[in-house]
Amino acid sequence: MTRQMQALRKAGVQIPDLPDKLFFAIREVSALCDIEPHVLRYWETEFHHIKPVKKSGNRRFYRQRDIYSILQIKHLLYDLNFTIKGAKKRLQQGDIDQLVEQNSAQDTLRKIRQELDSIYHLLDS
């Protein structure tokens, strides 16, 4: 299991079971990642982490590492509500582990605040 895959799992990202093959067509990646093909093509222009191999007829073939990058970008954009610019900046910094830890720390602080609010309301009444 790659470090990128472990970090994605730790972040709670659902990682599909990938067939044991080297290349995936855009339709397969679209189905695996639940992202429309036109979105994948757009992300290729925005994120240099996605570099499909282009073969005859300009057909795109993605590697497993491309799929993990797509899942990471999807997590940043859809789950964590990053902008494209913010997601690019986060990916340039490189380490998703730091983001996962930061996100879980924010969740912990949110829970502590809720606990404190409920205690305050108990004491106030």
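Only the coordinates and a few stated rules stand behind these numbers; no lab work does. If you're wondering where the values come from, they're calculated on a predicted model, not measured in any experiment. Neighbour counts are summed over all protein chains in view; Cβ atoms, including those assigned to glycine, are modelled from backbone coordinates with ideal geometry.
Expressed as an acute angle from 0 to 90° and rounded to the nearest 10, what is the orientation of the C-alpha long axis of helix 64-74 relative to the principal long axis of the chain?
The answer is roughly 40 degrees.
Where the Cα atoms of region 3-52 are projected onto their three principal axes, how long is each span, largest first, in whole Å?
28, 24, 18
With θ set to phi - 60° and the Karplus curve 6.51 cos²θ - 1.76 cosθ + 1.60, what are the ³J(HN,Hα) couplings of region 35-46 in order, to the nearest whole Hz, using x for Gly and Pro?
Per-residue couplings from phi come out as 9, 5, x, 5, 5, 4, 5, 5, 4, 4, 6, 8 Hz.
How do 77-90, 39-52 rank on mean C-beta neighbours within 10 Å, highest first?
On the way: 77-90: 13.9, 39-52: 15.8.
Most protected by this proxy first, the peptides run 39-52, 77-90.
Give the lysines whose C-alpha is closer than 30 Å to that of Lys54, dropping any in the same chain fewer than 8 places away, or say none.
Cross-link targets: Lys21, Lys74, Lys85, Lys88, Lys89.
Compute the helix-to-body angle for 96-124: its Cα long axis versus the longest principal axis of the chain, expressed 0 to 90° and rounded to tens.
Approximately 20 degrees, to the nearest 10.
What is the log10 of I(q)/I(0) for region 3-94, computed with the Debye formula using one identical point scatterer on each Cα and no solvent, at q = 0.13, 0.19, 0.26 Å⁻¹?
For the requested q values the scattering log ratios are -0.40, -0.89, -1.60.
Any idea what angle helix 84-93 forms with the longest principal axis of the chain, computed on alpha-carbon atoms, 0 to 90 degrees, nearest 10?
Helix 84-93 sits at roughly 90 degrees to that axis.
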